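The values are calculated or read from the model by the stated rules, or taken from the named source; none is laboratory data. Not measured: the values here are computed from a predicted model. Virtual Cβ from ideal backbone geometry, glycine too; neighbours counted across all protein chains shown.
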Amino acid sequence: MRRNFLFMDTVINKVDSKGRVSLPADYRAIVKDLSTEIVCYRSLTSPCIEGCTEELLDKLAVDIETSLDFFSQEQDDLTSIIFGDARRFQFDSTGRVLLTEKLLSHAEITDTAVFVGKGKKFQIWNSENWKKEEDRIRKEALKNRPSLGKGDK
């Protein structure tokens, strides 16, 4: 079992008429090491699908539970929008998952899906929307020159 894993790279895959898409081989290998399925939900901030392992979702649940008042509106809203929307997806024999119409519609995905590695999670985008987002991200990065600090922690 892999202890450390990162979803990396940007991969474009075809989506068939039934909404099935192959998870990139590297992503599939990570998921198979940790479980047999992925969890997907609509992004809270972008027109894309968020994907991760159930292990990451478990960590998120703990983080929410320990950082927000259990009976607060913020905690209730956040858990509803993430966990109420999340769904487990298993691979078929060829490594494909069947995404729901709700997810595909949210991300405006029709015939191609762009998988974007984001470390412990990944996103699935419509190719045109990803191109615009990637351009925006690169412009912001060049303008702001982000820094990770000087290692004084």
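Take LYS59 and tell me if it is at pLDDT 90 or above, surrounded by fewer than 16 Cβ atoms within 10 Å (Cβ to Cβ) and either among the charged types (D, E, K, R) or not in a helix (DSSP H, G or I) (or both).
When the stated conditions are applied, LYS59 passes them.
Name the one entry in GLY95, GLY51 that is closer than 28 Å to LYS14 by Cα, at pLDDT below 95 and of a type outside the set (Ser, Thr, Tyr).
GLY95
Is it true that ILE82 is closer than 18 Å to GLY117 by Cβ, aliphatic (A, V, I, L, M), buried (at least 17 other Cβ atoms within 10 Å of the Cβ) and within 15 Å of the chain's Cα centre (by Cα)?
In short, no.
Which ones in the stretch 7-52 are assigned to a loop (DSSP other than H, G, I, E, B), surrounded by 14 or more Cβ atoms within 10 Å (Cβ to Cβ), in contact with a helix residue (DSSP H, G or I) (Cβ under 8 Å, 6 or more places away or on another chain) and touching a residue at least 60 places away in the same chain (Cβ under 8 Å)?
Correct list: MET8, GLY19, LEU23, SER43, SER46, PRO47, CYS48.
What number goes with the only condition from (1) surrounded by 14 or more Cβ atoms within 10 Å (Cβ to Cβ); (2) out of contact with any strand residue (DSSP E or B) (no Cβ under 6 Å at 6 or more places or on another chain); (3) more than 23 Å from MET8 (Cα to Cα) that ASP77 does not pass?
Answer for ASP77: the failing condition is (1).
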